[in-house]
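Below is one structure; the comments refer to it alone.
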Amino acid sequence: MATATVPSVERENYLNKHYGVESWLLTTDHKRIALLYLISITFFFFIGGFFALLIRLELLTPASDLVQADTYNKLFTMHGQVMVFFFLIPSIPAVLGNFLIPLMIGAKDLAFPRVNLLSWYLYIIGGIMMVHCMLTGGVDTGWTFYTPFSTAFSNTKVIEAGLAIFVAGFSSILTGLNFVVTIHRMRAPGLTWSRLPLFVWAHYATSIIQILGTPVVAITLVLVVAERSLHLGIFDPKLGGDPLLFQHLFWFYSHPAVYIMILPSMGVVTEIIACFSRKRIFGYSFVALSSIAIAVFGFLVWAHHMFVAGISVYAALIFSLLSYSVAVPSAVKVFNWTATLYKGSIRYDAPMLYAFGFLGLFTMGGLTGLFLAALGVDVHVTDTYFVIAHFHYIMVGGALMGYLGGMHFWWPKISGKLYPEGWARLAALIVFIGFNLTFFPQFILGYLGMPRRYADYSHMPEFQILNVFSTAGSTVLGVGYLLPMIYFLWSMRYGKPAPDNPWNAAGLEWKTPSPPTTYNFEEEPVVTWEAYNYDEIDKGHKEEVHVVG
Amino acid sequence: MFDNFPLWPQRASSMAGNVDALFIFLLIVSGLMTLLIFTAIIYFAARYRYRKGVPAEQIEGSIPLELSWSLIPLGVFMVIFAWGAVVYFKGRTPPRDSTEVYVVAKQWMWKLEHAEGQREINELHVPVGRDVKLIMTSQDVIHSFFVPAFRMKQDVLPGRYTVAWFHATKPGTYHLFCAEYCGTQHSGMIGSIVVMEPAQYEAWMSGGTGGPLSATGEKIFAELGCVTCHRSDTQGRGPNLQGVFGKPVQLEDGRMLTADENYVRESILDPGAKVVKGFKPVMPTFQGLVSEEQLNALVAYVKSQSQPGAGVAKANAAVTAPEGAPGKGNQVQ
Amino acid sequence: MSNHSKSSPLTSYFAVWGALLLGTFLTYEAALIDLGRFNAAVALTIATTKALLVALFFMHLKGASEKLLKLVVASTIFFLILLLALSMFDYGTRSFS
Amino acid sequence: MSDSQAAVPHHDGLHNPALLHHFATEEQQRDSASFGMWIFLATEVMFFGGLFCAYLIYRRWYFGDFAAASKSINAALGATNTAVLICSSLTVVLAIWAAQTARRGLMILMLVLTMLFGVAFLGIKGIEYKDKFEEHHVPGVSFSFDHQQIPGHPDQYANPQHAQIFFALYFIMTGLHALHMVVGLGIFTWLLWMAWKGRFTPHYHTPLEIGGLYWHFVDIVWIYLFPLLYLIDRHP
């Protein structure tokens, strides 16, 4: 770490400027709102993780002996809903994006600070509804709400869960809206599009999906609620409706939603790789444009979730073909990250370990996506554990690794404290091992034919050994996720004060104090350099050292 | 230990080889890509680790490289796509002279009925080496008919028919799963496919009771009074159903469509939706009056009316000489 | 987006208003004539013209000093058409094997 | 794409109390606000888009039933409502023009007129809903649509179930639209209050502009809803 001087007297910053509950709950400071989000999504992450552990424990033995089938169904439903809508989608955008985008573009705040606060409140209202729903019985439809089961057969709290997600959806829309306007309108002088950090590009692409995709799932949930309460027939074949219409509308959002989770993570990893290999990102403009390409192409592929659902074979053909259009920009990113390492000066600090983990897991997740996009193979592996493994490699291996990497990378900036590096490296290693142990066996299980959402597999004892591996892995993974939680909290009190730029990183956010002041910059910065100008930074730094020496 | 620790599913249908071949190809391709990327990452990470006094060398990027690593993967992807599409089309197109089995799914059981009249629950007996076509519908929610050993899966929807087919190649008993989450006892909606040698199968078949499904259908057809309008001459108020199935039909609004299982089904439940040219929409709906099983029997009956020399006698004959026997199966699709 | 031009925009406002009322009248009348399958096409064409008039003149999209807003509108329409077209494609080609 | 690198230092003396601290200039603030509203409208387009998608699919499937159901709605009321909304859009642009040209009285008058048109629209909508309610055309247990002929097929009756899907979409789409009108009336009440207080000047009237954008958008949605819902196969 760099040898910047740390002031002995605590400076005024966004954390200590005001005290009291009100100063937090009514704040319009994007950094404080980011922290509000951080606390709330951490809460939901541990709820979702608890459900996941129960699911894995139940599957340790073939019979449904730990929990009954209906409880199990509620567990995986609420695990999915909590993790997708209340953790992964807000995770990086609402915490790191909220905190960093104004800092990275040299702005005092997001364009609409009050809207930003509103979106946190919407999230909280949705979250409270979700928690209430879970405490009073829960839902058992699967996070996908497939009709007509959800509208006419399930006797659980579908309406409340649907409305909770509806409300939380508007939080996501408003976050995306705020980002797009901010990125367009609030950049510091000299900060052209080609100088933007790729983190910002990734969030811009994410916002497009949030703005254009989320309303579709919102209206779909309205239709589900209306159908369920009034039996209109829109999704009910008994009344002339088509259940596949629901699937079309649902996946129109929910496939791109995966990119809401993974694109910001890609942005985080890009920043980390550049910093820890001291290099400008290889093929900057290709990495930037591939984010946009993923967001746009992501809207073309939704029906690949429906290859065996009864859609027309021609539609299946088109959607399979289009699915590969997303694979290309994803591959381009991986190759560019790899090429960035070439002739770098690479350090293995904890954020970089997470970035390496991301690269490995995302590559595997992405490549198994090819299997699912291939029509012939998809027929066999869809709705099996193969799919579960695939999307966990993307959404947990990818998105969550990026999130944790980003949390470590920017923790000194956010909290003003250094986290314990040794523990952090250990945690990264544990997460990586635990993750693979949990989810790799599920690929094999899937190809063997174990269907997803099975509470009981006592007629198929041959599946047990792989399930035991998976459950064992999940406990390791659980430890891996608890550790950062513990040492981050520890560091807030006992951690060493962080210098302004502990990693000697490029980017405007590091030119502010750690933690930043309320309005981020004393004077509006003027950008005269390209993104990732690590050569200049390192040269300057060396000279500095030279002078000192 | 390995008895209970399989790493590859059983392979028991003609499709299984096709799917496995593509799967193995994908394993090789993605294995190579993983190897390439991981080797590069690990090598770079080790070779270019931080050393004092050795600065990073800045490289801007390279358009030829970018193009090659977008276009080469794209080419590989297109191969995968085309191969996958070929396999898929094969799996979606039942051969013309398949033996037919009607499947009715409900929470949480599979009801199966052979065209010959045998009924089964959660168990399907089929002969080895014959094409079997499944005509499936659901009474309630969406289910999915999944036989891993056959590499076959198709969602079963309420309100319409979906079709799947397989050609079993190896005698044995194989898992049948419901693969689409369908409610509390979803994981209990399992069964087995028993693939038998033809001789054994004939023996099993002859043990059954009841006439062929089309005969049941004919009885229902008479009971519901369908015969009064759908007469076997041109004088009826409804179309003569002989030879209709599988043929193109011109509708009253000028559209053309093929009279398939779903069309017959819709015409029974929602007769006004697609009226045949030259007829009045006078038929009442039978929605709610016939069960899924009765509907299947009616469909089977209408179908039997389009087999060569259609009639009850022939349909009865099917019991002793099952379809698929040489010279029998020229049913038009 | 304020209109800085000196000439009063009132003429164009009233002209657009008149055109919109005329369009409404035309839609209504056209629906009463049997045009076969073109009824829907005519109705949608008129509706789109009216929507464009509102967007361009009342919402000042035409005078917008930058292309950005037009890009937003164009891409929104693109994604909407994507949703409609790709899902309709499934329904249009769905048939029994 | 054109960017606003708007970061010109404050012009002293021109400082507007409405300029929020995090914006450098009023221009930046105004551009951000209107751009934000446009993006919000993009969201709204997709929100209605899901409904249009459902509508198009079922209309294609059940064209005759949809036509019969559509014919049972009062198209004259729908056409009147279209005209009412178009007039309200005119009064909105006139209000903005009045603000630009410092005609406070005219601005207030136009805002009041806009709101009156909005209320009239909702009133007419209410009459329509009342009719539908009395005819038992509201989906649900009391729904009934028996013996309604399909236009162009005098011997054929519409399938009530399919007609019910039409009415479900009709009520959801027009209901959602009406909800937007109510929200719009709320926004305009606030704008009227601001106008009354004299907050809008030729120099600063951003809220009026973005409120207007919203109002026009709601108008555009109706422009599509009217032919799609009221005018399916209406010819004799």
Region D:92-107, subset open to solvent by less than 10 Å² (accessible area, probe 1.4 Å) and within 10 Å of chain C (Cβ to nearest Cβ), residue farthest from D:Leu185 (Cα to Cα): D:Ala99
Looking at region D:53-68 only, could you name the residues that are open to solvent by 10 Å² or more (accessible area, probe 1.4 Å), in a helix (DSSP H, G or I) and touching a helix residue (DSSP H, G or I) at 6+ places or on another chain (Cβ under 8 Å)? D:Leu56, D:Arg59, D:Arg60, D:Trp61, D:Asp65
For region D:171-200, name all the residues that are within 14 Å of chain A (Cβ to nearest Cβ) and touching a Phe, Trp or Tyr at 6+ places or on another chain (Cβ under 9 Å). D:Phe171, D:Met173, D:Thr174, D:Gly175, D:Leu176, D:His177, D:His180, D:Val183
Among what's in region A:157-184 and is open to solvent by 20 Å² or more (accessible area, probe 1.4 Å) and within 10 Å of another protein chain (Cβ to nearest Cβ), pick the residue that is nearest to D:Ala33 (Cα to Cα). A:Leu174
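Conditions tested, residue by residue: (1) part of a helix (DSSP H, G or I); (2) more than 7 Å from every other protein chain (Cβ to nearest Cβ); (3) of a type in the set (A, V, I, L, M); (4) in contact with a helix residue (DSSP H, G or I) (Cβ under 9 Å, 6 or more places away or on another chain).
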site	(1), (2), (3), (4)
C:Glu29	yes, yes, no, no
C:Ile33	no, no, yes, yes
C:Asn39	yes, no, no, yes
C:Ile46	yes, yes, yes, yes
C:Val54	yes, no, yes, yes
C:Ala64	no, yes, yes, yes
C:Ser75	yes, yes, no, yes
C:Ser87	yes, no, no, yes
C:Tyr91	yes, no, no, yes
All positions within region A:230-256 that are within 19 Å of A:Lys333 (Cβ to Cβ) and open to solvent by less than 10 Å² (accessible area, probe 1.4 Å): A:Pro256
Evaluate region A:303-311: report whether one residue or more is modelled with pLDDT under 95, touching a Phe, Trp or Tyr at 6+ places or on another chain (Cβ under 8 Å) and facing chain B (nearest Cβ under 7 Å). no
Residue within region B:82-90 that is within 13 Å of chain A (Cβ to nearest Cβ), surrounded by fewer than 20 Cβ atoms within 10 Å (Cβ to Cβ), of a type outside the set (A, V, I, L, M) and in contact with a Leu (Cβ under 9 Å, 6 or more places away or on another chain) present: yes
The one condition in (1) within 12 Å of chain A (Cβ to nearest Cβ); (2) of a type outside the set (Phe, Trp, Tyr); (3) surrounded by 22 or more Cβ atoms within 10 Å (Cβ to Cβ) that D:Glu27 fails to fulfil: (3)
Looking only at region A:11-30, decide whether some residue is assigned to a helix (DSSP H, G or I) and buried (at least 17 other Cβ atoms within 10 Å of the Cβ). yes
May I ask you to verify whether A:Ile394 is under 22 Å from the mean Cα position of the chain (by Cα) and open to solvent by 10 Å² or more (accessible area, probe 1.4 Å)? yes
Among the listed residues B:Leu124, B:Leu112, identify the single one that is in contact (Cβ under 8 Å) with a residue 40 or more places away in the chain and closer than 23 Å to B:Gly217 by Cα. B:Leu124
Please name all residue pairs, on different chains or six or more residues apart, with Cβ atoms under 9 Å, provided the first residue is in region D:135-148 and is within 12 Å of chain A (Cβ to nearest Cβ) and the second residue is among the basic types (Lys, Arg) and not in a loop (DSSP other than H, G, I, E, B). D:Val138/D:Lys132
Among the candidates D:Val183, D:Val218, which residue alone is outside any loop (DSSP other than H, G, I, E, B) and surrounded by fewer than 18 Cβ atoms within 10 Å (Cβ to Cβ)? D:Val183
May I ask you to verify whether A:Leu353 is open to solvent by less than 20 Å² (accessible area, probe 1.4 Å) and either out of contact with any strand residue (DSSP E or B) (no Cβ under 6 Å at 6 or more places or on another chain) or of a type in the set (Lys, Arg) (or both)? no
Considering only region D:73-84, how many residues are open to solvent by 30 Å² or more (accessible area, probe 1.4 Å) and of a type in the set (Ser, Thr, Tyr)? 1
Inspect region B:39-49 for any residue being of a type in the set (Lys, Arg), more than 7 Å from chain A (Cβ to nearest Cβ) and in contact (Cβ under 8 Å) with a residue 40 or more places away in the chain and give the result as yes or no. no
Of the conditions (1) within 14 Å of chain A (Cβ to nearest Cβ); (2) in a loop (DSSP other than H, G, I, E, B), B:Leu176 satisfies every one except a single condition; which number is it? (2)
In region B:185-202, which residues are hydroxyl-bearing (Ser, Thr, Tyr), at the interface with another protein chain (Cβ under 10 Å from one of its Cβ atoms) and surrounded by fewer than 21 Cβ atoms within 10 Å (Cβ to Cβ)? B:Ser192
Check whether at least one residue in region A:143-156 is in contact with a Phe, Trp or Tyr (Cβ under 7 Å, 6 or more places away or on another chain), part of a helix (DSSP H, G or I) and either in contact (Cβ under 8 Å) with a residue 24 or more places away in the chain or under 30 Å from A:Asn501 (Cα atoms) (or both), and report yes or no. yes
Scan region D:167-179 and give yes if some residue there is open to solvent by less than 10 Å² (accessible area, probe 1.4 Å), β-branched (Val, Ile, Thr) and either over 30 Å from B:Phe279 (Cα atoms) or not in a helix (DSSP H, G or I) (or both), otherwise no. yes
So which of C:Leu61, C:Leu35, C:Leu56 ends up being surrounded by 13 or more Cβ atoms within 10 Å (Cβ to Cβ), closer than 19 Å to D:Ser88 by Cα and modelled with pLDDT under 90? C:Leu61
Among residues belonging to region A:318-328 that are surrounded by fewer than 22 Cβ atoms within 10 Å (Cβ to Cβ) and not hydroxyl-bearing (Ser, Thr, Tyr), point out the one that is farthest from the other protein chains (Cβ to nearest Cβ). A:Leu322
Select the helices (runs of 4 or more DSSP H) contained entirely in region B:254-333, then report the ones holding at least 2 residues which are at pLDDT below 50, of a type outside the set (D, E, K, R) and surrounded by fewer than 21 Cβ atoms within 10 Å (Cβ to Cβ). B:312-320
Filter region B:13-44 down to the residues that are of a type outside the set (Phe, Trp, Tyr) and open to solvent by 60 Å² or more (accessible area, probe 1.4 Å), then identify the one that is farthest from the chain's Cα centre (by Cα). B:Ile42
Scanning region A:293-317 for residues that are open to solvent by 10 Å² or more (accessible area, probe 1.4 Å) and among the hydrophobic types (A, V, I, L, M, F, W, C), which turns out farthest from B:Cys178 (Cα to Cα)? A:Ala293
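The values are calculated or read from the model by the stated rules, or taken from the named source; none is laboratory data. Source: prediction; values computed, not measured. Cβ atoms come from the backbone with ideal geometry, glycine included; neighbour counts cover every protein chain shown. Heads up: the accessible areas ignore ligands, DNA and RNA and are worked out on the full protein's heavy atoms, side chains in. Shrake-Rupley method; radii C 1.70, N 1.55, O 1.52, S 1.80 Å.
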